[in-house]
1. If B:Ser144 satisfies every condition in (1) more than 10 Å from chain A (Cβ to nearest Cβ); (2) touching a helix residue (DSSP H, G or I) at 6+ places or on another chain (Cβ under 9 Å) but one, which is the exception?
2. Which helices (runs of 4 or more DSSP H) sit wholly inside segment A:8-79 and have at least 2 residues that are within 12 Å of another protein chain (Cβ to nearest Cβ) and under 19 Å from B:Glu22 (Cα atoms)?
3. Pick out, from segment B:1-89, the helices (runs of 4 or more DSSP H) lying fully within it that include 2 or more residues that are among the β-branched types (Val, Ile, Thr).
4. Do you know which residues across segment B:150-188 are farther than 19 Å from B:Leu131 by Cα, outside any helix (DSSP H, G or I) and either open to solvent by 90 Å² or more (accessible area, probe 1.4 Å) or in contact with a Phe, Trp or Tyr (Cβ under 8 Å, 6 or more places away or on another chain) (or both)?
5. Hey, among B:Lys47, B:Lys60, which residue is within 8 Å of chain A (Cβ to nearest Cβ), basic (Lys, Arg) and closer than 19 Å to B:Asn118 by Cβ?
6. Examine segment B:23-34 for a residue that is open to solvent by 20 Å² or more (accessible area, probe 1.4 Å), at pLDDT 90 or above and among the aliphatic types (A, V, I, L, M), and state whether such a residue exists.
7. Going by what's in this entry, would A:Ser167 be described as modelled with pLDDT under 90 and open to solvent by 90 Å² or more (accessible area, probe 1.4 Å)?
8. What is the number of the single condition among (1) modelled with pLDDT of 80 or more; (2) surrounded by fewer than 19 Cβ atoms within 10 Å (Cβ to Cβ) that B:Leu76 does not meet?
Amino acid sequence: MKNYFKSIDKYFEGEMSENELIEFEKKMKSNKKLKAEVEFQKELQDSLNDKQIFDLKNNLEKIHNEAKNAQNSETNQEPVVRELFIKKIQLAAAVIIIMIIASSVFYFMNNRTMSNETLYGIYYEPAKTMLVVRSGNNDEVNLMQALQKYNHNDYDGAIEVFEKDNSKMAKFFLALSYMETNRVLDAVNLLKAIIEENDNLFVDQAEWYLGLCYLKLNETEKAIIQFSKISQSNSIYKIKSEEILKNI
Amino acid sequence: MTKKSADELLNGIRRNDKETLESIYKDCFPVIRYLVVVNNGNEHDAKDIYQEGILIIYQKSKNDDFKITCAFKTYLYSVCRLLWLKHLDEIKQNKLTLIEDDPFKDYYENIQLDYEKNERYQLYRKYFLTLSIDCQRVLELYFSKVSLKTISKIMGYKSDKYAKKRKHQCKISLIKKIKRDSKFKELNNEELF
């Protein structure tokens, strides 16, 4: 084959005369070894001209090594092991969090910071009455008198009057008077009715006192729901409700 | 990473664009590693197979008619899977088998040819780098179709004739080295060389 090397060079360099070229191509057809040699040398030439594939290979190697180094600096463990390890940590963390939540629920259920009664004692205070002296038809005079009775802690006397009055104000103070006289369930029903009407000045206050009623009744769950509702509203009792929720 | 189309990725590979190569690595290497590691391979094998796969796609991308009609990741995976199968077959540990309705069946023959071509390219480069720096430079110039006159000037040779002689010596030396490697015979029809 070495005899052909010079001819092959000439062939690639385009130095052959027309006759030489025809002759050479004829030989390639009949001589498989020559053909293979020419193809090999052509490929060798192409490969050395294609530097980019080697740059590409170098780049791929670099990227792989960089990724490996980044990984090793994080941890020396194998990635699969590390992933498992992370999963275990996540699981452990989840278990710990659940235990903390469970124990704090348990703690609050059993060692609550404040009893419902205490909370009621702290937050309950009688509503301020609006003493407005008006022109003076009989009903209004009676209402004013009842409110005065309420202010003076004469709840039974106030109730008597409020029960006969259908005004919203009367209903509200009737409910508060019931609370004072330990008729809490009656108070709850009235407050609920006021809230349901939803078109008067007493709704926010009714919501608040309803929550307090639940505390008084030791209905913790209902109280939480009620104070949550208030804390999510724009009620003037929003902040107080949040405080109660923290201590309930 | 914003998802690039297969064409954009091919373009990035052709340009040897590092950002593209990094995003492909991030996206595809874990799957290839899994494929290899669960089938009697290790991390190092996975790296080799992955790189082979990219180089094969690079070779293909030089042909303008080449188009990837599925997701790039799927294509690369199928190429790497075939390469790994081939490797397992060589070491007689073929536990993966080609499935009959493999959607990439038609590609495999071409991939095999490209794979062998890349292997030969690497072999050629390996021995080229064992040549003297002088020889490497002459051959590089010569294969880039630089005239003997210019080669002689660049290399500081006394004459064009000497440049021709030197180039011939270097080429023969390289060819001999390559042909002596048993891998070369493996990759070619032995009887012909």
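The values are calculated or read from the model by the stated rules, or taken from the named source; none is laboratory data. Quick caveat: nothing in here was measured; it's all calculated off a predicted structure. Every residue, glycine among them, receives a Cβ derived from its backbone with ideal geometry; neighbour counts consider all protein chains shown. Remember, those area values only see protein heavy atoms, side chains included, never the ligands or the DNA or RNA. Shrake-Rupley method; radii C 1.70, N 1.55, O 1.52, S 1.80 Å.
1. In the conditions (1) more than 10 Å from chain A (Cβ to nearest Cβ); (2) touching a helix residue (DSSP H, G or I) at 6+ places or on another chain (Cβ under 9 Å), B:Ser144 misses (1) alone.
2. A:51-74
3. Hits in segment B:1-89: B:18-37, B:43-61.
4. B:Lys158, B:Asn188
5. B:Lys47
6. Scanning segment B:23-34 turns up at least one residue that is open to solvent by 20 Å² or more (accessible area, probe 1.4 Å), at pLDDT 90 or above and among the aliphatic types (A, V, I, L, M).
7. On the way: modelled with pLDDT under 90: yes; open to solvent by 90 Å² or more (accessible area, probe 1.4 Å): no.
Taking the combined requirement at face value, the residue does not satisfy it.
8. For B:Leu76, the exception is condition (2).
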